[in-house]
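Report on one structure; see the data block that follows.
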Amino acid sequence: MRRTKMRRTDPGGITSNQILGIFGTGYAGLVTSVCFAELGHTVTAIDKDHDVVARLSDGTPTIHEPGLQELLTGNLESGRLRFTTKAEDAVVGSDIVFLCVGTPPRADGRADLCQVEEVARTIAPLLDGYKLIVEKSTVPARTAYWVDWTIRRLAGPNREFDVASNPEFLREGTAVQDFLKPDRIVIGADTERARSRLLDLYRKGFHCPIVATSVTTAELIKQTANAFLATKISFINMVSDLCEELGVDVATVARGVGLDPRIGSHFLNAGLGFGGSCLPKDLNALITVAEDNGVDVAMLREVERINTARVERLLAKVDRALWVLPQKVIGVLGVAFKQDTDDIRGAPSLGIIPRLHSAGAIVRVYDPAAAQNIQKLYPPNDRLAYVASAVEAARGADALVILTDWDEFRSLDLGGIRSLMRTPIIVDGRNLFEPARMRAAGFEYHSLGRGEATLRTVPRRVPV
Amino acid sequence: MNICVVGTGYVGLVTGAVFADLGNDVVCVDNVAEKIATLQAGGMPIYEPGLEEMVARNVADGRLGFTTDLTDAVRRSVVVFITVGTPATDTGQTDLGAVEAVAREIGRAMERYTVVVNKSTVPVGTGDLVREVIERHQSRPVPFDVVSNPEFLREGCAIEDTLRPDRIVIGAPTQQVAMTLLELYAPLERPMIITDVPSAEMIKYASNAFLATKISFVNVIANICELAGADITQVVKGMGLDPRIGPAFLQAGLGYGGSCFPKDTDSLVHTAAALGVDFVLLRAAVETNAERAGHFVRMIEKALAPLDDKRIAVLGLAFKANTDDMREAKSIEVGRHLVELGAQIRAYDPVAMDNARRVLPASVVYCDSPYAAAADADAVALITEWNEFKFLNLERLRAVMRRPVVFDGRNLWEPERMRRLGFEYHSIGRRPVLPA
Ligand SMILES: NC(=O)c1ccc[n+]([C@@H]2O[C@H](COP(=O)([O-])OP(=O)(O)OC[C@H]3O[C@@H](n4cnc5c(N)ncnc54)[C@H](O)[C@@H]3O)[C@@H](O)[C@H]2O)c1
Ligand SMILES: NC(=O)c1ccc[n+]([C@@H]2O[C@H](COP(=O)([O-])OP(=O)(O)OC[C@H]3O[C@@H](n4cnc5c(N)ncnc54)[C@H](O)[C@@H]3O)[C@@H](O)[C@H]2O)c1
């Protein structure tokens, strides 16, 4: 408390270091915490999971994220960062409280806001003087209104606070980098007081454009951006199906299309579609909000449907490649929803592994980082094993199925792999390889959006 | 190189002029005699910034000529470009009649090896069709190749787009054939994609379909903003800063029109259906776009009803700024609805009024300035985002209107500014500015 007062009287009025309380130490919360600490702020991060807090306090990251370990150790040592399970520690004396708790999808597709509401209820009685409460979790438009309402109801009269929105755009796998060097910072505030404090916080250390707008607009920006990226992926996957019918290569089409700067080449990789904890849920939440308001979002519904159908399409290819599945050995390469992460939420592997298993196949799974997480969901049994390398997954396999675009799969020793397999069949859900190269290496190679073309003896692609 | 361009419309004339400017000898062919006569007399059948000068320069230097004689032009050329129109039929399929007719004539005319380049936007598989038609009609069995080289220029900046395209796509049956076109395009020093014919055809459709989808996506979000009380211009600013999304084509408004997006999206939907793929996503984007004009008219009706005693100034008629092209322009649908509802329309467009007369309801009155159109009007409806409207003297506009009400179908003006100027202001995906 004393430190707060002293700092506010700094000449020039530019607050440099602030005291931050951060609720939730998942991907978003943990990265936010260590990064703000690294920027010189005093950060108290709270999670209700004792285990997580104990491990983080010991300097052990609970998630796989490049660069996280160093920042965690360094800032714990400097004393700018601490972890707690007690809400008071994070609220009392702090200038800004961030909400980074989970907002998972409910069964009906809406965002489950229980964790957000719980934090609001927790904060309310702890308010000590003006407090800025900031949603960093991805929430449907108008959530801030309800957070405000909840706190106001429970905090008693004369409590001064504002609720603002500051959506997080980090991506798992490059989260630290994304947080420290974002493309843009979005600040949604409905009062001058809240806006200027958030602008202050981001003044030092960030050099990107800042979009300052209303709370509701900021909330909508995050979901809209994710829904658009999802649309881009489903669009190219739909074109990919067309390419299969036409016998042309979706990768070439995507390259030609992506060179248009109004389109851009990002998110135009055909394959198994999007997964993860954000795109599917944010898309779905946007759809439900829209439909609740009577807006026709048939387009977004279709984006979702196309994505769900990707898993079926891959399974059909496995079927076609292997005919009868019982007792066939299938090596699965990759379970994370994308490369460089251990996150399996919303990953296509969750749909595919149980299906292969229940079809009677013997499944051998390898992932460089996410195997632990999936083992918790599907414990090993006589037909499901978790192995330590891609080579192990290939040994004696009737087919390899690639589900994640890990770089290490791109550089596999194909000759070695082929010699280990019973039949050299690869079903590639991520189009990691050139069909011509796979054919030359002696594989029967099935991918998405190049399917039939890949089996043709005369390549139709004219090499550049 | 000796080149001939068959079909002297937007694409053909610009392509011909640019290739001539790069030092080739070019003959542009069209079967509409008046068009060729106009061009031969130094006139311009279309409006396109910079085109007139470029054509004049190259005609003067003897590198560019115009003719109706296809046979002669083909015989003198190594490369023949097909740039005729490929309009949509009533059912949304592509009418390939002109392409086929030209292919027939090229086949008959051909006397030595020729590279026939399809630049018109045609459904995947048309390359094969053109090859068959030529083969069937050849008077001499000389060898030839058919190449796909889709065009990405945009009307209004067609010259710039042709000189500095984002990419040049060449779909050729062999590397050797591709080399001929590579040579032709080499001076531009732009990224090239060399692939097979169907992939090249697909790239064009997929690009336009994606851009159409982007526009419809934003318009759906604008609808959500209108109900959630958010501001679409801020939303797109926030999302457009993501380089994986990009700010282009994120303007909410009346949706897309023109001679390309509507027909190319329809055509891709049809191609997909023929292959057994139901492209629901694209159909939904098309439907969203089709609803934009109705949405705008409902907005007007809600604020002004009844319309039968109202005078509405319509600013901008062309399907987009910097063109006189009225094909699939949103002004057609908006205009028709407003007239049906009894409104009296006074319209102004900097260049498209001549073309507009042919497609808008007969009762529309055309004016020579935005202020003349707005005189005594109950409202102004902005349909096309011409730059000159952005810089209108809005005080003057308000002064001549009967009621200061503005409907902005392109979010051209700032709500805050309109409030300050005393307008009632309705735009897309943003809160309306209502009278105090
Ligand atoms: N993961 C990403 O890549 C990413 C990116 C941008 C935004 N987001 C958004 O950030 C939010 C958090 O995502 P995440 O992936 O970090 O989720 P997560 O599930 O990994 O983490 C949430 C954490 O909050 C804790 N928690 C829940 N209730 C709590 C309470 N009452 N008090 C204290 N802690 C509590 C949980 O124990 C958990 O550790 C979500 O809204 C998400 O959409 C995530
Ligand atoms: N306009 C654009 O912005 C644009 C951009 C990219 C691609 N394209 C594509 O390029 C093609 C041409 O488009 P456009 O806008 O230039 O069309 P257009 O209608 O302006 O021009 C077509 C020309 O071809 C002529 N023609 C028709 N049949 C003929 C025949 N048998 N012999 C000789 N000439 C004949 C017509 O008289 C007309 O002048 C279309 O496939 C279109 O989709 C257009």
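Below, the figures for the structure above:
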read-out	value
Among the residues listed as A:43, A:53, A:31, the single one being more than 11 Å from ligand 1 (Cβ to nearest atom) and crowded, with 16+ Cβ neighbours inside 10 Å	A:43
Matching residues in segment A:131-149 - criterion: being under 25 Å from residue A:27 (Cβ atoms), away from chain B (no Cβ under 14 Å) and part of a helix (DSSP H, G or I)	A:147
Residue in segment B:201-223 that is closer than 24 Å to residue B:115 by Cβ, within 8 Å of chain A (Cβ to nearest Cβ) and of a type in the set (Asp, Glu) present	no
Residue under evaluation residue B:181, criteria (1) in a helix (DSSP H, G or I); (2) surrounded by fewer than 17 Cβ atoms within 10 Å (Cβ to Cβ), criterion not met	(2)
Residues located in segment A:332-358, provided they are among the β-branched types (Val, Ile, Thr) and farther than 21 Å from residue A:317 by Cβ	A:341, A:344
Filter result for residue B:315 (surrounded by 24 or more Cβ atoms within 10 Å (Cβ to Cβ) and either of a type in the set (Val, Ile, Thr) or in contact with a strand residue (DSSP E or B) (Cβ under 7 Å, 6 or more places away or on another chain) (or both))	yes
Restricting segment B:249-278 to residues that are in contact (Cβ under 8 Å) with a residue 24 or more places away in the chain and within 9 Å of chain A (Cβ to nearest Cβ), the residue that is surrounded by the fewest Cβ atoms within 10 Å (Cβ to Cβ)	B:249
Residue check, residue A:290 farther than 30 Å from residue B:198 by Cβ, modelled with pLDDT of 95 or more and within 9 Å of chain B (Cβ to nearest Cβ)	no
Test: residue A:289 is in contact (Cβ under 8 Å) with a residue 60 or more places away in the chain and out of contact with any strand residue (DSSP E or B) (no Cβ under 6 Å at 6 or more places or on another chain)	yes
Near pairs, Cβ below 6 angstrom, 6+ apart or cross-chain, from segment B:171-186 (among the aliphatic types (A, V, I, L, M)) to any residue that is assigned to a helix (DSSP H, G or I)	B:172/B:178
Residue match in segment A:135-150 (condition: within 17 Å of residue A:215 (Cα to Cα), basic (Lys, Arg) and either within 16 Å of ligand 2 (Cβ to nearest atom) or touching a Leu at 6+ places or on another chain (Cβ under 9 Å) (or both))	yes
Condition check for residue B:98: more than 14 Å from every other protein chain (Cβ to nearest Cβ), at pLDDT 95 or above and either within 16 Å of ligand 1 (Cβ to nearest atom) or in contact with a Gly (Cβ under 7 Å, 6 or more places away or on another chain) (or both)	yes
Members of segment B:365-380 found to be out of contact with any helix residue (DSSP H, G or I) (no Cβ under 6 Å at 6 or more places or on another chain) and within 25 Å of residue B:45 (Cβ to Cβ), listed by number	B:368
Residue that is touching a Leu at 6+ places or on another chain (Cβ under 7 Å) and closer than 19 Å to residue A:398 by Cβ, where the choices are A:364, A:355	A:355
Positions within segment B:147-156 being in a strand (DSSP E or B) and at the interface with chain A (Cβ under 9 Å from one of its Cβ atoms), in sequence order	none
Test: residue B:197 is facing another protein chain (nearest Cβ under 7 Å) and out of contact with any Phe, Trp or Tyr (no Cβ under 7 Å at 6 or more places or on another chain)	no
Residue tally, condition within 28 Å of residue B:212 (Cβ to Cβ) and at pLDDT below 95, over segment B:281-319	0
Single unsatisfied condition, residue A:172 versus (1) closer than 22 Å to residue A:21 by Cβ; (2) crowded, with 19+ Cβ neighbours inside 10 Å; (3) modelled with pLDDT under 95	(1)
Subset of segment B:157-169 (residues that are more than 9 Å from chain A (Cβ to nearest Cβ) and not in a loop (DSSP other than H, G, I, E, B))	B:158, B:159, B:160, B:161, B:162, B:163, B:168
Residue count for segment B:215-244, restricted to those that are surrounded by fewer than 24 Cβ atoms within 10 Å (Cβ to Cβ), free of Cβ contacts under 8 Å to residues at least 60 places away in the same chain and touching a Phe, Trp or Tyr at 6+ places or on another chain (Cβ under 8 Å)	2
Entirely in segment A:331-449, the strands (runs of 3 or more DSSP E) that have 1 or more residues that are in the same structural domain as residue A:109 (by TED's automatic domain parsing) and within 22 Å of residue A:233 (Cβ to Cβ)	none
Residue in segment A:308-328 that is in contact with a Leu (Cβ under 8 Å, 6 or more places away or on another chain) and within 11 Å of chain B (Cβ to nearest Cβ) present	no
Residue within segment B:126-146 that is within 13 Å of ligand 2 (Cβ to nearest atom), at pLDDT below 95, within 14 Å of another protein chain (Cβ to nearest Cβ) and closer than 23 Å to residue B:182 by Cβ present	yes
Single unsatisfied condition, residue A:283 versus (1) facing another protein chain (nearest Cβ under 10 Å); (2) assigned to a helix (DSSP H, G or I)	(1)
Elements of type helices (runs of 4 or more DSSP H) contained in segment A:65-130, each with 3 or more residues being within 11 Å of ligand 1 (Cβ to nearest atom) and within 24 Å of the chain's Cα centre (by Cα)	A:114-123
Single unsatisfied condition, residue B:108 versus (1) within 11 Å of ligand 2 (Cβ to nearest atom); (2) in contact with a helix residue (DSSP H, G or I) (Cβ under 7 Å, 6 or more places away or on another chain); (3) modelled with pLDDT of 95 or more	(1)
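The values are calculated or read from the model by the stated rules, or taken from the named source; none is laboratory data. Keep in mind it's a predicted model, so treat the numbers as computed, not measured. No Cβ is skipped: glycine too gets one built from the backbone with ideal geometry, and neighbour counts run over all protein chains shown.
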